[in-house]
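Structure record follows, encoded as structure tokens.
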């Protein structure tokens with residue numbers, strides 16, 4: 001087995017592993033986030049001796065933070081040490097680092113060994129929501145959001161921006177609805193952004209830090225929690241858990 005930066009020839013294998021973990025539902029067309037990671041040199045793979053992709057990992061470097069977007073191993077090769085070897089190859093061993101660990105306890109332990117600590121649940125919400133405060137549609141370029149490279153990619157993938165008095169966010173149409181994020185704002189701002197997205201697209205998905213004040217407003221408004229990860233970082237202040245809303249795939 002070898003670990004290396006991914007090449008275009010690895011992408012079919014990467015997508016096969018992603019499909020095995022049911023990761024492609026919100027990306028019905030390519031290029032998707034995995035293609036973008038490869039194009040920007042931020043995608044890594046573990047290959048078998050015959051070149052078969054056994055696992056992949058994505059790491060976005062932006063604003064002084066390395067965010068591990070994904071680390072998935074082919075289901076028939078789990079618990080064989082591939083994930084640990086790939087993490088060592090892909091993820092820096094120092095500096096500010098973050099990830100959203102899956103609900104698999106082995107994932108949390110792997111990242112703890114890499115120097116990260118669990119900070120809060122990262123909740124995946126989905127549903128409809130009534131429109132709230134007035135929001136304005138803009139281009140993603142008009143948003144004053146950090147992580148500009150991620151925003152530019154999402155815009156190329158069909159996303160647009162929404163702004164309200166106390167917040168702003170990126171909305172990307174997906175099958176059956178839309179996803180909100182990255183975004184920022186207080187609870188009422190996120191509620192307004194989510195309501196506006198749901199009004200247009202019928203349903204909205206949000207990746208929300210557990211401590212964010214929008215959580216009770218969204219739950220009371222009818223959204224439901226469909227899954228949960230664990231937000232992890234090398235230091236508590238790296239992730240903004242009370243105003244920032246990440247993109248589910250790119251952080």
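General remarks:
- The set of residues in region 184-205 that are in contact with a helix residue (DSSP H, G or I) (Cβ under 6 Å, 6 or more places away or on another chain) and surrounded by 24 or more Cβ atoms within 10 Å (Cβ to Cβ) comprises 190, 191, 204.
- Residue count for region 216-228 satisfying the condition of being surrounded by 19 or more Cβ atoms within 10 Å (Cβ to Cβ) and either in the same structural domain as residue 61 (by TED's automatic domain parsing) or under 19 Å from residue 118 (Cα atoms) (or both): 0.
Here is a yes/no grid of residues against (1) modelled with pLDDT of 95 or more; (2) surrounded by fewer than 17 Cβ atoms within 10 Å (Cβ to Cβ); (3) closer than 21 Å to residue 247 by Cβ:
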site	(1), (2), (3)
97	yes, no, yes
100	yes, no, yes
103	no, yes, yes
117	yes, yes, no
123	yes, no, yes
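- Entirely in region 136-235, the helices (runs of 4 or more DSSP H) that have 3 or more residues that are in contact with a strand residue (DSSP E or B) (Cβ under 9 Å, 6 or more places away or on another chain) and under 29 Å from residue 108 (Cα atoms): 148-156, 214-220
- Residue 129 vs. criteria surrounded by 14 or more Cβ atoms within 10 Å (Cβ to Cβ) and either modelled with pLDDT of 95 or more or part of a helix (DSSP H, G or I) (or both): no
- Residue in region 7-26 that is surrounded by 19 or more Cβ atoms within 10 Å (Cβ to Cβ), closer than 16 Å to residue 247 by Cα and free of Cβ contacts under 8 Å to residues at least 60 places away in the same chain present: no
The values are calculated or read from the model by the stated rules, or taken from the named source; none is laboratory data. Since this is a predicted model, take the numbers as computed values, not measurements. All Cβ positions, even for glycine, are placed from backbone atoms using ideal geometry, and neighbour counts span all protein chains on display.
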